[in-house]
2 protein chains.
Amino acid sequence: MKINIPEVHLPRVVIVGCGFGGLELAKSLFDAPVQVVLIDKNNYHTFQPLLYQVSTSGLEADSIVYPIRKIFKGHKNFHFRWGEVLRINAEQKNIETSIGICNYDYLVVATGTTTNFFGIDGLAEKSMPMKSVVEALNLRSLILQNFEKALLVQSTEERDALMTFVVVGGGPTGVELTGALCELKKHVLPNDYPELDFRKMRVILIESGDRLLSMMNDDNRARSVRYLHELGAEVWLNVRVTKYDGHLITTASGKTITAANLIWAAGVKGQMIEGLNPEIVTPTKRYMVDEANRIKGYENVFAIGDMAYMVTDKYLKGHPQVAPVAIQQGHNLAKNIRHLLKGEQTKAFDYFDKGSMATIGRNRAVVEVGKISFGGFFGWATWLLVHLMSIVGFRNRVVTLFNWLWNYVSYDRNIRLIIRPFHRSGEDAKA
Amino acid sequence: MKINIPEVHLPRVVIVGCGFGGLELAKSLFDAPVQVVLIDKNNYHTFQPLLYQVSTSGLEADSIVYPIRKIFKGHKNFHFRWGEVLRINAEQKNIETSIGICNYDYLVVATGTTTNFFGIDGLAEKSMPMKSVVEALNLRSLILQNFEKALLVQSTEERDALMTFVVVGGGPTGVELTGALCELKKHVLPNDYPELDFRKMRVILIESGDRLLSMMNDDNRARSVRYLHELGAEVWLNVRVTKYDGHLITTASGKTITAANLIWAAGVKGQMIEGLNPEIVTPTKRYMVDEANRIKGYENVFAIGDMAYMVTDKYLKGHPQVAPVAIQQGHNLAKNIRHLLKGEQTKAFDYFDKGSMATIGRNRAVVEVGKISFGGFFGWATWLLVHLMSIVGFRNRVVTLFNWLWNYVSYDRNIRLIIRPFHRSGEDAKA
């Protein structure tokens, strides 16, 4: 059955996913002569870079997500539908979704990525991913639940495991989360659990490569390790996790560690949709696209953002999977759709790299813009400002800013709530 | 096994539940020569009077709840434990909980109430209660999910049912929720769903008695009905719901109505704990207590707040189940525990009724203080101020105030998010 969408005499652009890329594309088409149908499995846009602050009780989930319908308000030919896309039928120019079939003239896959566990034994079942709001909230619950449990157990070993946090993945997410966990240890949790010995709480960042923040220069990489050490984290480089049973982490070298908390931020894979030629899908499930983001071998099917694997002279192994690429590709594709409508040539995508940054804690961040790099308080303030201005919605910005000021002044994190306790599937809810 | 709690040479007061009563009692014991153990199934205190604003996308859940551990910060002999109490063994002076056994010298049951469906056919399975944060969030999801669904269905009947909201219960919760739903209809949802005809959206308040807000005087009762009518609600008095199958609501008179949303706010019952003499439990599961809140027939077991059924000359049918009673009983019991510790006489509880209020919408509320009653903008402003000052925590107050200002100025509700979709048990998640 077809999804109930008004039929108008305009070409229909169907966008799958309202992340950074899909959102920018839709907004850039507001005054174009097209009908836009945006489908997402959530009714909100998520500001993913701040998920780690939701996990660590620093920000409300509700202030880093934004209702999609509010963005489309007043735009007549824009239709949002809440559903999941199951299959692309390129020959029939339609998609199958959980809510029915939808025709398209132009289809854009902007589904982003999900966690890649690389098939490592036990990870999918026992580790905590952090790619969605629900996952971030589950992590928030688990962290607090494990401290509540730590109060109750009699065995020192078990207590130590409950207080051990292993973050795997030395990219920005892993580094930022590690820093935030250290701040919980330093400023927040000892007040909540005076009966526990917080010298026993360990925060360990594991990275399989030989460096953290590999996209940064040597200065910033050194800085980030120094900051993490200052905050009390252990940084293990060249360590590869090979197994996790919910308790024991095994690594390639044979070294093991016991931890009730393993947060996996060490890889992503595209949220691919069935139906397209498998030969144009990369091993990490990205679609190979040309320089106009057109999926190779298809006329009117595009992919943008993390899902798009575009090789150019400058990016021989594809673009980095970061928000600015997605946003710029969304913007460029909107222009190209206008060109196509007029029968004009498309314009190749050219990524303008504004730099990168990661925050590690209070007054500690690393920032890189072109050849300039800096850290410390100035880096941290830059990080705050850039992120604050990137959050969608004025209300969200005000609430976030207030929370940050509050957390900064009070050294506190107020949202340490177990609203929906997290239970690993297969575990006894009352265990 | 015993719960791991430090043993000190102080009498132990165990409080079950950190609602208004339990919280006030604990705080009033801060400097008393006792060890306090507070057990709650949540790690936060909930400001229940604002749950309806969470359900209707006006406030973040996180800003009306407060972490219990933060309240106890710095108080050495105060111990919070996250768990559920299963049984009272009064003879052994201990309780059995989901996390172990706990001895007490004084036990206080402050567990509050939960929704009472009165065994009405289908209600427990198909209607939405709204007594906890999770229930309020489920309702928020369901409201939005049903509008998303309404866009998709082909049948007018089905669409109308999805857009019909029936609130049962003419107390403050029912009245306030009805008003908030009307405001969603008036100001928010038509922007989100321009494809739907909002004249078809119905908000109906059903009350089995002959009046709304029965604790108020005639003036305010008339005002509240007028306000609800002005906002577009239907008010059905003297109507008793006898059955709900998730679709059709049947009433005692035989009149039926089709609605996909039935919110049940028509009754509560105590969250009783097993183990005490059943003869001192009332039909709505409250414990009969003496004027010092001592449960009848027990030496050192008390009940306060909604759980306590105390008959006095002024309150022949017990006190109203409202926050001020719970708070004042918590405060009085703290004093009485001090008296008991010194071997002194306890002091009878004397309720000071400060009045009551309910908000119905923008600039519309009814307030009653002694013989004075008023409504309109002044009533509404009073309501806002009183509730704002009652929320625990400065951060929560600021975020709530900002949200209210924002909602007032923008006529918007920004938090219309389906973060965890709600599925009635037994229904297909993808239906």
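Among the residues of region B:55-69, is any basic (Lys, Arg), in contact with a Gly (Cβ under 9 Å, 6 or more places away or on another chain) and at negative phi?
Checked against the condition, which is being basic (Lys, Arg), in contact with a Gly (Cβ under 9 Å, 6 or more places away or on another chain) and at negative phi, region B:55-69 yields no hits at all.
Identify the residue in region A:302-349 that is within 18 Å of the chain's Cα centre (by Cα) and among the polar types (S, T, N, Q) and, among all such residues, is surrounded by the most Cβ atoms within 10 Å (Cβ to Cβ).
A:329
Can you tell me which residues in region A:4-49 are within 14 Å of another protein chain (Cβ to nearest Cβ), of a type outside the set (A, V, I, L, M, F, W, C) and part of a loop (DSSP other than H, G, I, E, B)?
A:4, A:6, A:7, A:41, A:42, A:43
Could we say that residue B:75 is under 23 Å from residue B:333 (Cβ atoms) and assigned to a strand (DSSP E or B) here?
The answer is no for residue B:75.
Taking strands (runs of 3 or more DSSP E) that fall entirely within region B:166-271, which contain at least 2 residues that are surrounded by 23 or more Cβ atoms within 10 Å (Cβ to Cβ)?
Passing ranges, in order: B:202-206, B:241-244, B:261-264.
Out of B:219, B:192, B:210, which single residue is more than 14 Å from every other protein chain (Cβ to nearest Cβ), touching a residue at least 24 places away in the same chain (Cβ under 8 Å) and over 25 Å from the mean Cα position of the chain (by Cα)?
B:219
With respect to the numbered conditions (1) assigned to a loop (DSSP other than H, G, I, E, B); (2) crowded, with 21+ Cβ neighbours inside 10 Å; (3) among the aromatic types (Phe, Trp, Tyr), which one is the sole condition not fulfilled by residue B:80?
It is condition (1) that residue B:80 fails.
I need the full set of residues from region B:272-286 which are within 28 Å of residue B:243 (Cα to Cα) and part of a strand (DSSP E or B), in order please.
B:281
Output the number of the condition that residue B:71 fails; it satisfies all remaining conditions of (1) within 30 Å of residue A:59 (Cβ to Cβ); (2) buried (at least 24 other Cβ atoms within 10 Å of the Cβ).
Result: residue B:71 passes all but (2).
Can you find a residue that is among the small types (Gly, Ala, Ser), over 23 Å from the mean Cα position of the chain (by Cα), modelled with pLDDT under 95 and not assigned by TED's automatic domain parsing to the domain that holds residue A:315 anywhere in region A:245-257?
yes
Condition check ((1) in contact (Cβ under 8 Å) with a residue 12 or more places away in the chain; (2) part of a helix (DSSP H, G or I)) across all residues:
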{"residue": "A:288", "(1), (2)": "yes, no"}
{"residue": "A:292", "(1), (2)": "yes, no"}
{"residue": "A:302", "(1), (2)": "yes, no"}
{"residue": "A:316", "(1), (2)": "no, no"}
{"residue": "A:328", "(1), (2)": "yes, yes"}
{"residue": "A:331", "(1), (2)": "yes, yes"}
{"residue": "A:340", "(1), (2)": "yes, yes"}
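Does residue A:384 count as without any contact (Cβ under 8 Å) to a residue 40 or more places away in the chain and not assigned by TED's automatic domain parsing to the domain that holds residue A:27?
yes
Give me the residue from region B:403-417 that is part of a helix (DSSP H, G or I) and crowded, with 22+ Cβ neighbours inside 10 Å and, out of that set, nearest to the other protein chains (Cβ to nearest Cβ).
Step by step, filter region B:403-417, then rank; the result is B:403.
Which condition breaks for residue B:170 when tested against (1) in contact (Cβ under 8 Å) with a residue 24 or more places away in the chain; (2) within 14 Å of chain A (Cβ to nearest Cβ)?
All conditions are met except number (2).
What strands (runs of 3 or more DSSP E) lie completely within region A:98-150 and have 1 or more residues being within 14 Å of chain B (Cβ to nearest Cβ) and of a type in the set (Gly, Ala, Ser)?
Of the strands (runs of 3 or more DSSP E) lying wholly inside region A:98-150, those with at least 1 residues that are within 14 Å of chain B (Cβ to nearest Cβ) and of a type in the set (Gly, Ala, Ser) span A:100-103.
Confirm whether residue B:422 is free of Cβ contacts under 8 Å to residues at least 24 places away in the same chain and either within 14 Å of chain A (Cβ to nearest Cβ) or of a type in the set (A, V, I, L, M, F, W, C) (or both).
So residue B:422 does not fit the description; no.
Which residue is nearest to residue A:415 (Cα to Cα), if the candidates are limited to region A:52-66 and must be more than 7 Å from chain B (Cβ to nearest Cβ) and hydrophobic (A, V, I, L, M, F, W, C)?
The qualifying residue nearest to residue A:415 (Cα to Cα) is A:59.
Can you pull out the residues in region B:371-402 that are under 23 Å from residue B:173 (Cβ atoms), β-branched (Val, Ile, Thr) and surrounded by fewer than 18 Cβ atoms within 10 Å (Cβ to Cβ)?
Within region B:371-402, B:386 is the sole residue that qualifies.
Only residues that are surrounded by 20 or more Cβ atoms within 10 Å (Cβ to Cβ) and among the acidic types (Asp, Glu): list them for region B:352-370, please.
B:368
The values are calculated or read from the model by the stated rules, or taken from the named source; none is laboratory data. Everything quoted here is computed from the prediction, not taken from an experiment. Please note: Cβ atoms are built from the backbone with ideal geometry, for glycine as well, and neighbour counts cover all protein chains shown.
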